[in-house]
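The values are calculated or read from the model by the stated rules, or taken from the named source; none is laboratory data. Please read these numbers as outputs of a predicted model, since none were measured by experiment. Please note: Cβ atoms are built from the backbone with ideal geometry, for glycine as well, and neighbour counts cover all protein chains shown. Heavy atoms of the whole protein, side chains included, go into the accessibility calculation; ligands, DNA and RNA do not. Shrake-Rupley method; radii C 1.70, N 1.55, O 1.52, S 1.80 Å.
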Amino acid sequence: MEITRIKRQWADGKPALNGWLGGPSPFNAEIMAHSGICSVTIDMQHGLIDFSDAVRMLTATKGLDVTRIVRVPSLDAAIIGKVLDAGADGVICPLVNTPAQAADLVAACRYPPDGRRSYGPFRAGLVHGPDYFDKARGRSLAFAMIETAEALENLNAIAATPGLDALFVGPADLSISLGHPPGFAPDADVVVKAIERIAQAAKDAGIHAGIFTGGPDYARTVIGQGYTFVTIAKDGIVLAAGTGAAVAAMKDLTD
Ligand code: 3PY
Ligand code: MG
């Protein structure tokens, strides 16, 4: 699998569906990776996941045709390098607010001369092959999260960052930054317009636009706006909803 599944979807002109993992569970990662989803994102920012958990989650999905992304806790070249060395196919970086930060993100993801990533692909070299150095540029995806009013002011300059693959919207942070309650299917006009603008800015810059959604309904709306990487399921939400529905279906016997 030299070309990641996300890139194959994109090459076919189709959106990539992403599953989100916040729990530190290799087995849940494996279950999600078997679901037919195109990619999984291991969330080290708000998830309960540290680096050792992330490594175990990456190894649990080995050999499956699913792209493995890690959302790092912050814009920090050290952790970005570590998750790529551990075999991640890409990085989502929160709170990228300026073109300088976007350039730092790309630099952390790319080996010289394209960036400043240090060489030492301990596990990536094992699973992606001894020619990983040559393949890394084609494999590793860099997503810059647009989730503040400041990022919106700098939107076109961020999108134009050489080497950046995609913008990724955090609708909850974007909403609160614009003065509205957090949510994963925002309906405040200013937020809706901003989300449309972000898709357009990505398109104008020739890169992709991704977003976290609460589920398929809103995902369809944003795909219609041009989003090509769409989180449609999250471990905690799916588990709670599925269990809650089963409990509700038994209510006549239990209440
Ligand atoms: C947000 O909505 O702010 C996010 O970061 C989603 O993960
Ligand atoms: Mg956020």
*In terms of modelled amide H atoms, which long-range or inter-chain residues lie less than 5 Å from the amide H of residue 146?*
168, 169, 170
_Lysine pair count for the chain [Cα-Cα under 29 Å; pairs on different chains or 8 or more apart]_ = 21
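When the solvent-accessible surface of protein heavy atoms is calculated with a 1.4 angstrom probe, in what order do 10, 20 fall, highest first?
Ranked from most to least accessible, the order is 10, 20.
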*Rank-order 136-145, 245-254 by packing density, defined as the average count of other C-beta atoms within 10 Å over each peptide's residues, highest first.*
136-145, 245-254
*Could you tell me whether the range 114-255 comes out rounded, prolate or oblate from its Cα gyration tensor? Rule is a ≥ b ≥ c as square roots of the eigenvalues, rounded for a/c under 1.5, then prolate if a/b exceeds b/c, otherwise oblate.*
oblate
*Inter-label distance for residue 52 and residue 137, nm, one decimal - labels placed 7 Å from Cα along Cα-to-Cβ*: 3.7 nm
*Please work out the average accessible area per residue across the chain, using the 1.4 Å probe convention, and give it in Å².*
45 Å²
*So for 122, 27, what's the accessible-area order with a 1.4 Å probe, most first?*
122, 27
_Can you give the FRET efficiency to the nearest 0.05 for residue 100 and residue 197, using r as the Cβ-Cβ distance and R₀ = 30 Å?_
0.90
_Amide H contacts under 5 Å for residue 88, placed H, 5+ residues apart_ = none
*Inter-site label distance for residue 31 and residue 243 at 7 Å from Cα along Cβ, in nm*: 1.0 nm
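Leaving out ligands, DNA and RNA, what percent of the accessible area of the range 136-255 is carbon and sulfur, probe 1.4 Å?
60 percent
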*Could you tell me what fraction of 2.2 N^0.38 Å the Cα radius of gyration of the chain comes to, as a two-decimal ratio?*
0.99
